[in-house]
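**Q** Below you'll find the structure I mean.
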Amino acid sequence: MIAMIQRVNNASVSVDNAVVGQIDSGLLVLLGVEKDDTESQAKRLAEKVLAYRIFSDENGKMNLNVKQADGDLLVISQFTLVADTKKGNRPGFSNSAEPAEAKRLYEYFSKQCEQLGCHVENGIFAADMQVTSTNDGPTTFWLQV
């Protein structure tokens, strides 16, 4: 399971020209689910995302996590994160979880983040989404469990 996290000043996701999720300050989380990923991995990744200290403290140092910074999460399913790009000019998706399992673990990840005390907004799984964000920094990290 992979999470590409971006510290944002704001982010939103639209489907068919309608906003379905949006946050102010927080993290835009692009989530890729690989085959053989488990609920245990989703829970560990949720804990890691929420604990990751990438927000500035009063001294300008990255010492605060998203909850300490009063931020929210916008979680978007993105199967392209798990693409195999080592060979050729076309990505391979044999590492991707089957859609039903990917959706289940995507929803489980979001629920874990909520249970850990963070407000979560979501995109719509498998929809054609338009994501808009204002990156802060830019500060982007790739987390994998």
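**Q** Please check: in the Gaussian network model of the chain (C-alpha springs, under 10 Å), which one of Asp128, Asp72, Asp37 has the largest mean-square fluctuation.
**A** With Cα springs under 10 Å in the chain, the top fluctuation among Asp128, Asp72, Asp37 is at Asp128.
**Q** Separate question: On alpha carbon coordinates alone, what is the Rg over Rh value for region 1-40, Rh being the Kirkwood radius?
**A** Reported Rg/Rh, Kirkwood definition of Rh: 1.09.
**Q** Still on this structure, I have one more. Cut-off 10 angstrom, C-alpha nodes, Gaussian network model of the chain. Which of Val49, Val15, Val120 fluctuates the most?
**A** Sorting by GNM fluctuation, first place goes to Val15.
**Q** Right, another one. With respect to the cross-link table entries Lys43/Lys86; Lys48/Lys87; Lys35/Lys87; Lys43/Lys87; Lys61/Lys111; Lys67/Lys111, which display a Cα-Cα separation exceeding 23 Å?
**A** Lys43/Lys86; Lys48/Lys87; Lys43/Lys87; Lys61/Lys111
FYI, it's all coordinate maths here, none of it is from the lab. Just so it is clear, the model here is predicted, and its values are computed rather than measured.
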